[in-house]
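Q: Here it is, the structure, as structure tokens.
The values are calculated or read from the model by the stated rules, or taken from the named source; none is laboratory data. Every value quoted in this text rests on a predicted model; they were computed, and no experiment measured them. Positions of Cβ are backbone-derived with ideal geometry, glycine not excepted, and every protein chain shown enters the neighbour counts. For accessibility, only protein heavy atoms count, side chains too; no ligands or nucleic acids. Shrake-Rupley method; radii C 1.70, N 1.55, O 1.52, S 1.80 Å.
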Amino acid sequence: MQAIQKRVERASRLNVPVLILGPSGTGKGILAQLVHRRSPWNNGPFVKVNCPAIPGTLLESELFGYQKGAFTGAHADKPGRMELAQDGTLFLDEIAELDASLQAKLLHALQDGHFTRIGGHEEKRMNARVISATNRALQSEIEAGRFRSDLLYRVNVITITLPPLHERREDIPYLAEYLLELFNRRFKREAPPLAADTLHSLQHRDWPGNLRELENCIARYVLLGAEEAFPPEHTEKKARRFTYEETEDGKIPLKHIAQQVTRKMERELILRVLRANHWNRRKAAETLKISYRALLYKVRQAGLPPKHLRKKASRADKFPSVYPSSAD
């Protein structure tokens, strides 16, 4: 995720098309808004086109706009999303859902930098940065004849790929803590911090819905409580499960397993004490009866953040909201 952050920083400064790949629910829409907000064009509009949500017959008029009298029901001129995105960002969400004829028209507009409204004759300049996103493997779509290769080459000058949540399990406690703070503020609640065993069980879920599923889970916890959000039969089994690998000769390395368990228990205890002391590390060291220096070493060894996430959360609040439907 740090590598993705650096890539976002570079992409934001350049007026080139960006393609965001990743499974549904990983936050592609959030990332698109982040690229826009960090770009020199952040004062311009961010216009989203949800390609699968608009029927193909209407999508062309939504994208390019139309003139009065262009078709039955066109009682007035209407600017399209490309026109509304001038001097800003046009976000084409799930671009792989566009039909072949619309792909060709979009390619023409992106190549020439001009387009016309349906029923119109005046050429309008396309002056917006284009960000596209999809959860499909576009190369496979091209081989199947469902997506134009020349359109792919046009929209993917910079590609950013978001991993599924189960590939970044280490982030889950910090994401959960951030979402808990966010929803407590939004819903004016005071849900208590998540217990260490609950965080552990969240890390071991499969999360087929990715970030969107985690958002809903934490929102449910804030609104309805732990029993609704974390059913006991799910959390207990997951939290108590411990896996180990046998060596090639079939032996079980007990010493190595004991070290793993000790490190895991140490991490959970340190995390709990840090939270209890509002992330004051000196007080936490006194509670644990170890030196401040030893605590810093153990924090690094356990992969815990050197400072409390809340300090970063205030910065994150400047970014787009992640609830209820933006984790695209």
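Q: Could you list, in sequence order, all residues of segment 35-44 that are in contact (Cβ under 8 Å) with a residue 60 or more places away in the chain and open to solvent by 20 Å² or more (accessible area, probe 1.4 Å)? Spell out how you get there, then give the answer.
A: Taking segment 35-44 and keeping what is in contact (Cβ under 8 Å) with a residue 60 or more places away in the chain, we get 35-37, 39, 41, 44.
Scanning segment 35-44 gives R37, W41.
Q: For A128, are the conditions met, namely being under 30 Å from P79 (Cα atoms) and either crowded, with 16+ Cβ neighbours inside 10 Å or without any contact (Cβ under 8 Å) to a residue 60 or more places away in the chain (or both)? Talk me through it step by step, then tell me what you get.
A: Working: under 30 Å from P79 (Cα atoms): yes; either crowded, with 16+ Cβ neighbours inside 10 Å or without any contact (Cβ under 8 Å) to a residue 60 or more places away in the chain (or both): yes.
Taking the combined requirement at face value, the residue satisfies it.
Q: Looking at (1) open to solvent by less than 60 Å² (accessible area, probe 1.4 Å); (2) modelled with pLDDT of 75 or more; (3) not in a loop (DSSP other than H, G, I, E, B), which is the one condition that is false for W279?
A: Every condition holds for W279 apart from (3).
Q: If you go through segment 95-112, how many residues are of a type outside the set (K, R), open to solvent by 20 Å² or more (accessible area, probe 1.4 Å) and under 20 Å from T57 (Cα atoms)?
A: Pass one, segment 95-112, residues of a type outside the set (K, R): 95-104, 106-112.
So of that shortlist, the ones also open to solvent by 20 Å² or more (accessible area, probe 1.4 Å) come out as 97, 99-101, 104, 108, 110-112.
Cutting the leftovers down to under 20 Å from T57 (Cα atoms) gives us 97, 99-101, 104, 108.
Qualifying residue count, segment 95-112: 6.
Q: Somewhere in segment 74-91, is a residue of a type in the set (D, E) and over 24 Å from S12 (Cβ atoms)?
A: The first filter runs over segment 74-91 and keeps only residues of a type in the set (D, E), leaving 77, 83, 87.
So of that shortlist, the ones also over 24 Å from S12 (Cβ atoms) come out as 77.
Taking every residue of segment 74-91 in turn, at least one turns out to be of a type in the set (D, E) and over 24 Å from S12 (Cβ atoms).
Q: Read through the list (1) open to solvent by less than 50 Å² (accessible area, probe 1.4 Å); (2) on the phi > 0 side of the Ramachandran plot, then give the number of the only condition that D87 fails.
A: With respect to (1) open to solvent by less than 50 Å² (accessible area, probe 1.4 Å); (2) on the phi > 0 side of the Ramachandran plot, D87 is out only on (1).
Q: Let me ask you something else. Being hydrophobic (A, V, I, L, M, F, W, C) and loosely packed, with under 15 Cβ neighbours inside 10 Å is the requirement here; does L199 meet it?
A: Values: hydrophobic (A, V, I, L, M, F, W, C): yes; loosely packed, with under 15 Cβ neighbours inside 10 Å: no.
The answer is no for L199.
Q: Sticking with this structure for a sec: I need every pair where a residue in segment 260-278 that is at positive phi has its Cβ under 9 Å from the Cβ of a residue that is open to solvent by less than 50 Å² (accessible area, probe 1.4 Å), sequence separation at least 6 or different chains.
A: Matching pairs, first to second residue: H278/H308.
Q: Of all residues in segment 250-276, count the ones that are in a helix (DSSP H, G or I) and in contact with a Ser or Thr (Cβ under 7 Å, 6 or more places away or on another chain).
A: Qualifying residue count, segment 250-276: 1.
Q: I'd like to know if segment 222-240 contains one or more residues that are touching a Leu at 6+ places or on another chain (Cβ under 9 Å), at pLDDT 90 or above and in a helix (DSSP H, G or I). Before the answer, list the steps.
A: Within segment 222-240, the subset touching a Leu at 6+ places or on another chain (Cβ under 9 Å) is 222, 226, 229-230, 235, 238.
With at pLDDT 90 or above added as a condition, the list becomes 222.
Subsequent filtering for residues that are in a helix (DSSP H, G or I) retains 222.
Yes, there is a match, as at least one residue in segment 222-240 is touching a Leu at 6+ places or on another chain (Cβ under 9 Å), at pLDDT 90 or above and in a helix (DSSP H, G or I).
Q: Further question: For a quick check of your reading of the model, give me the residue pairs whose first member lies in segment 45-60 and is among the aromatic types (F, W, Y) and modelled with pLDDT of 90 or more, whose second is open to solvent by 60 Å² or more (accessible area, probe 1.4 Å) and in a helix (DSSP H, G or I), with beta-carbon atoms closer than 9 Å and at least 6 apart or on different chains.
A: F46/R37
Q: Within segment 65-85, which residues are part of a helix (DSSP H, G or I) and either without any contact (Cβ under 8 Å) to a residue 40 or more places away in the chain or out of contact with any Gly (no Cβ under 6 Å at 6 or more places or on another chain) (or both)? Walk me through how you get there before you give the answer.
A: Going residue by residue through segment 65-85, those that are part of a helix (DSSP H, G or I) are 81-84.
Listed by number, the residues that qualify are R81, M82, L84.
Q: When you check R148 against the structure, is it at pLDDT 95 or above and open to solvent by 10 Å² or more (accessible area, probe 1.4 Å), yes or no?
A: Details: at pLDDT 95 or above: yes; open to solvent by 10 Å² or more (accessible area, probe 1.4 Å): yes.
When the stated conditions are applied, R148 passes them.
Q: Out of curiosity, is R212 assigned to a loop (DSSP other than H, G, I, E, B) and either at positive phi or open to solvent by 50 Å² or more (accessible area, probe 1.4 Å) (or both)? Quick ask: steps written out before the conclusion?
A: Details: assigned to a loop (DSSP other than H, G, I, E, B): no; either at positive phi or open to solvent by 50 Å² or more (accessible area, probe 1.4 Å) (or both): yes.
No.
Q: Checking T247 against (1) at pLDDT 80 or above; (2) outside any helix (DSSP H, G or I): exactly one of these is not met. Which one?
A: Of the numbered conditions (1) at pLDDT 80 or above; (2) outside any helix (DSSP H, G or I), the odd one out for T247 is (1).
The rows are residues; the columns are (1) farther than 20 Å from A176 by Cα; (2) open to solvent by less than 50 Å² (accessible area, probe 1.4 Å); (3) over 31 Å from the mean Cα position of the chain (by Cα); (4) at pLDDT 85 or above.
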site: T243; (1), (2), (3), (4): yes, no, no, no
site: P253; (1), (2), (3), (4): yes, yes, yes, no
site: R263; (1), (2), (3), (4): yes, no, no, no
site: V273; (1), (2), (3), (4): no, yes, no, no
site: I290; (1), (2), (3), (4): yes, no, yes, yes
